[in-house]
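These notes concern the structure reproduced below.
Throughout, read-outs are computed from the coordinates displayed, never taken from laboratory work. Everything numeric in this text was worked out from a predicted model, so none of it was measured. Cβ atoms come from the backbone with ideal geometry, glycine included; neighbour counts cover every protein chain shown.
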Amino acid sequence: MPTEFTPEKRKCWLLAAISIPLLLLGEAAATAQTRLASTDPAAIDRAVAAFTGAAIGTPGGARMASDPRLQLAPCGGPLAVSWHTPARTAVAVECPGPTAWRVFVAISPATGSTAATPRPAPAVKRGDAITIMVRGRGFTVQQPGEAMEAGAVGDWIEVRTARKAQPLRARIERPGLAVVPAG
């Protein structure tokens, strides 16, 4: 039995023929907008520049621009920026939203180049006899060793426990003592 197309049925078919592609187009646009809604790395750069008052690559500003390949969840509110280190060598940029995230941005020294910054006197010189301490939760083990390079208190240097032993990375805690943190 053939179906008769009344003007009302034709109107419904025409409306469906137009509406379905528009709905699909709307879904594609929403998907694209979701992709675009992710936090832009340039927004991180702008927030850091506003916080530090210095442009990227200048003294007191971010050392380099955020990687454009960085993909972070969309941030529902404004980015929170704070100093990450007391020496003001890095800032933390946080998204307080429902999908919270945090990135750290290195800051160029405010006094100019690192070479112009005076270095503290070395606490350990290359070849010095030192105590190497392995420190973990509830235990410490120490052994005599040798500094493979010079460094000040707080610096990470290579040390070794015996002449032919593999070098380890340890932090100078005080003159004559380097600590290897365990766990």
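Note on residue 100 and residue 55: the model spin-label points, each 7 Å out from Cα along the C-beta direction, lie 3.5 nm apart.
Using the Cα centre as the reference, give the magnitude of the dipole from point charges on the C-beta atoms of segment 41-116 (Lys, Arg: +1; Asp, Glu: -1; all else neutral), rounded to the nearest 20 debye.
Numbers: 5 positive and 3 negative charges, 12 e Å.
The calculated dipole for segment 41-116 is roughly 60 debye.
The phi-based Karplus calculation (6.51 cos²θ - 1.76 cosθ + 1.60; θ = phi - 60°) puts the 3J(HN,Hα) values of segment 75-84 at 9, x, x, x, 6, 9, 10, 8, 5, 8 Hz, whole numbers, x for Gly and Pro. Annotation: for a label point projected 7 angstrom from Cα along Cα→Cβ of residue 69, residues of segment 40-55 with backbone N closer than 18 Å are 40-42.
Report the FRET efficiency, 1/(1 + (r/R0)^6), for residue 43 and residue 131, where r is their Cβ-Cβ distance and R0 is 35 Å, rounded to 0.05.
On the way: r = 48 Å, r/R0 = 1.37.
Approximately 0.15, to the nearest 0.05.
Charge dipole (Cα centre; +1 on Lys/Arg Cβ, -1 on Asp/Glu Cβ; no other charges) of segment 71-183 amounts to roughly 280 debye. If I take R0 = 35 Å and measure r between the Cβ atoms of residue 173 and residue 80 in this structure, what FRET efficiency does the formula 1/(1 + (r/R0)^6) give, to the nearest 0.05? Efficiency, rounded to the nearest 0.05: 0.60. Backbone geometry of segment 152-161 corresponds, through the Karplus equation with coefficients 6.51, -1.76 and 1.60 at θ = phi - 60°, to 3J(HN,Hα) couplings of 9, 4, x, 6, 9, 10, 8, 9, 9, 8 Hz, x marking Gly and Pro.
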